[in-house]
1. Give me the inter-chain shielding for B:347-359: mean count of other chain Cβ atoms within 10 Å, whole number please.
2. Based on alpha-carbon centroids, what's the gap between region B:17-31 and region B:113-186 in Å, whole number please?
3. As an exercise, identify the trypsin sites (Lys or Arg not before Pro) in region A:94-131 lying in DSSP coil whose Cβ has no more than 15 other Cβ atoms within 10 Å.
4. Using each residue's phi in region B:254-266, evaluate 6.51 cos²θ - 1.76 cosθ + 1.60 at θ = phi - 60° and report the 3J(HN,Hα) Karplus result to the nearest Hz, with x for Gly and Pro.
5. Just how much of A:E200 is accessible, in Å², when a 1.4 Å probe is used and the result is rounded to the nearest 10?
6. Testing the spin-label approximation: label points 7 Å from Cα along Cα→Cβ at A:A13 and A:A40. State their distance in nm.
7. Short version: ³J(HN,Hα) in whole Hz for each residue of region B:234-244, in order, from phi by Karplus 6.51 cos²θ - 1.76 cosθ + 1.60 (θ = phi - 60°), x for Gly and Pro, what are they?
8. Is there a simple number for the mean count of other chain Cβ atoms within 10 Å of the Cβ of residues in A:199-212, and what is it?
There are 2 protein chains.
Amino acid sequence: MVPGMSLADQPPAAVLVFQTLLVHGSLTRAEIGRRTGLSAGAVTKAATPLLADGWITELGRPAGERASGRPATPMAVRADRARFVGVKVTGDELIGVLTDLTARPLASRRAALDSRDVGTVVLAIARLIGQLRAAAGAEGDDAVHSVGVTISGDVDGQTGTVQYSPFLDWRRVPLAQLVESASGIPTVIENDVRALTVAEQWFGAGVGLSSFALVTVGAGIGCGLSIGGRVVSGAHGVSGEVGHLPVGGTDRTCTCGNTGCVETVASTHAITEQARQATGDPALTMEEAVRLAHADNAAVRAVFSRAGHVMGLAMASVANLIGPERIIISGEGAASYDLFADQIRQTFADHAFGAAADCDLVVRPLPFEEWARGGAAVAAQRVFAPAK
Amino acid sequence: MVPGMSLADQPPAAVLVFQTLLVHGSLTRAEIGRRTGLSAGAVTKAATPLLADGWITELGRPAGERASGRPATPMAVRADRARFVGVKVTGDELIGVLTDLTARPLASRRAALDSRDVGTVVLAIARLIGQLRAAAGAEGDDAVHSVGVTISGDVDGQTGTVQYSPFLDWRRVPLAQLVESASGIPTVIENDVRALTVAEQWFGAGVGLSSFALVTVGAGIGCGLSIGGRVVSGAHGVSGEVGHLPVGGTDRTCTCGNTGCVETVASTHAITEQARQATGDPALTMEEAVRLAHADNAAVRAVFSRAGHVMGLAMASVANLIGPERIIISGEGAASYDLFADQIRQTFADHAFGAAADCDLVVRPLPFEEWARGGAAVAAQRVFAPAK
């Protein structure tokens, strides 16, 4: 890693000042003091090396010019201090974005995958990184600080290994190292839903919340949980498996081998299957099912309504157990959210316990570029929120 | 509060050294350094004021004698530095314990409650505190540092208010202030399950775990969640409501007004009701139901088995969402745990997702004195883990 390209060696107060500016934008020293509880002197002491290293800047003053240090001068993060690439890998496509230090997208590219072979995918990722780097118009070793690759499944971010990816049918792939070798840029990897949760926590609908859940509805139903500013990872690598809560109320067997999971009723695949049975058309697609439901086909509407009911039970379970401030609903399935919405809200209200019903349910359409941005946020996080 | 009777003014490194000794017992400076990541110099610097103030001691050396400071001399927390009273309030009884700084019980007392009237209960608590103080054989203002009162229901520890206690039928009772006035000792209050979780985290089956859930089975079914060393409190005051997860699979209405809750099948009351229906004996008690089940009455055994199934679904939900390292099962209902155990484990294994099934299920009989100790742990925690 390039020397000085992380806050890991800064004292905790400097990291805190930096994070406060990252989340709240420009603030005066006095405002930083109020938000962090640091004294005026401590804020100034913490800010000095950050200003000197170019991590933050005093507004209205060119970077590098001698700082006045007056308490009323607002300071802000220097977003252009470092650039990151985030890549989301799906079964048939790569989606990449180039961002600044605040995970703001500067450019994006997509690339079709014609094979799920590890070597092919790694080279395609490296090529996409090269294109985004060129799009940045920047050359040289530090044009891109690091890369974050996200992928659904059991991903061990510590060792950089994809333990299991159902969609790609990968097992124990040391993806971080492979991408790093192919691209020449430091690379981290993370589960895609957790990465999106990190992006929402720092830069999205989760900013400033004590806790939130991000539920993604689509081929699978995933969930990221952020509690007290940290994304829950699970002692055994499993957490947020909303799709496998046993509230489906059926004996149908899930892809995971268990029965009664939410996904047996509410995943895209399950909805399509049930709509095929309801219409007697064995070739019906999800798109056609959505169209039929919008055209008021009662049998197909009932399928969506049942899915909404089960999702409502799952979200009530999250609320009753964790008590998040907000539940954000997203994923490809959110596009047909109008077909579930009433039932989700009704069932949630019926089963949330007491004040847990005050949890805010919001729908946020997050295109795949936002998921890729999650990868960039995970890479950037290593810089601005270094692990102890 | 007595001056110097909290670590709140100590630097973070001193708090960390103290907590490390609290959890791990006696350690040398070198061992503390290894566990905290602090340098030898930083450990010595952090330990000096703790030794001077009598929070910790060097073993084999009388407190107060000049410290040698040699790295190989083990240090330990001075448990007798402060005493605490913990009280658990039930619908018909108070259970109190006197403990040292490490929440080790020194004495315990119980007192029957002949009324649930707020004034009567407050005076009974103050009387119990007086008895425990006398039992300590100590007099003077600082014989007891502070009191922690725990009670089931919606308890706001920040404001010291019991928002709602179903068993006592209390609403918005400023209990902390009332007990403090009546006893003359600083008082904190907490929900009883959360307090027990705090005790387990610091001193019980949760020590050293990255996360765990404590499920208490009895009149109600509660759950405390500890993640990353913090007990989850919920943005709206609700969390860990395992008893109200909608996995009951019935339309029976719960005491909370919702349907399908775990408690409609697995609470003591629900089990008694179902056993009455199964036997046709409308006066059957829970004790008799347990006896019939142990005597192999098939209908009554089926009631316990159904309750175990629903508890297993609830625990699988906890595991799939949070991924705790361990689930601890306790509460009055744990006494008849043998009647549920096989079914809980079977259902848990059937519905835990992937590696979430590696979560350790343990049963721990915790008498009410342990719950009272939870109150003392919450009071002590304000001293040794002051909020930022």
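The values are calculated or read from the model by the stated rules, or taken from the named source; none is laboratory data. Please read all numbers here as calculations on a predicted model, not as lab measurements. Every residue, glycine among them, receives a Cβ derived from its backbone with ideal geometry; neighbour counts consider all protein chains shown. Each accessible area value is taken on the protein alone, full model and side chains, heavy atoms only, with ligands, DNA and RNA left out. Shrake-Rupley method; radii C 1.70, N 1.55, O 1.52, S 1.80 Å.
1. So the per-residue partner count for this stretch is 6.
2. A separation of 33 Å, based on Cα centres.
3. Qualifying residues, ordered by number: A:R116.
4. Each residue's phi maps through the Karplus curve to give 8, 4, 7, x, 7, 10, x, 5, 3, 5, 6, 10, 10 Hz.
5. Rounded to the nearest 10, that gives 0 Å².
6. Result: 1.5 nm between the two label points.
7. Here the 3J(HN,Hα) series is x, 5, 10, x, 10, 6, x, 7, 4, x, 10 Hz.
8. Average per residue, whole number: 1.
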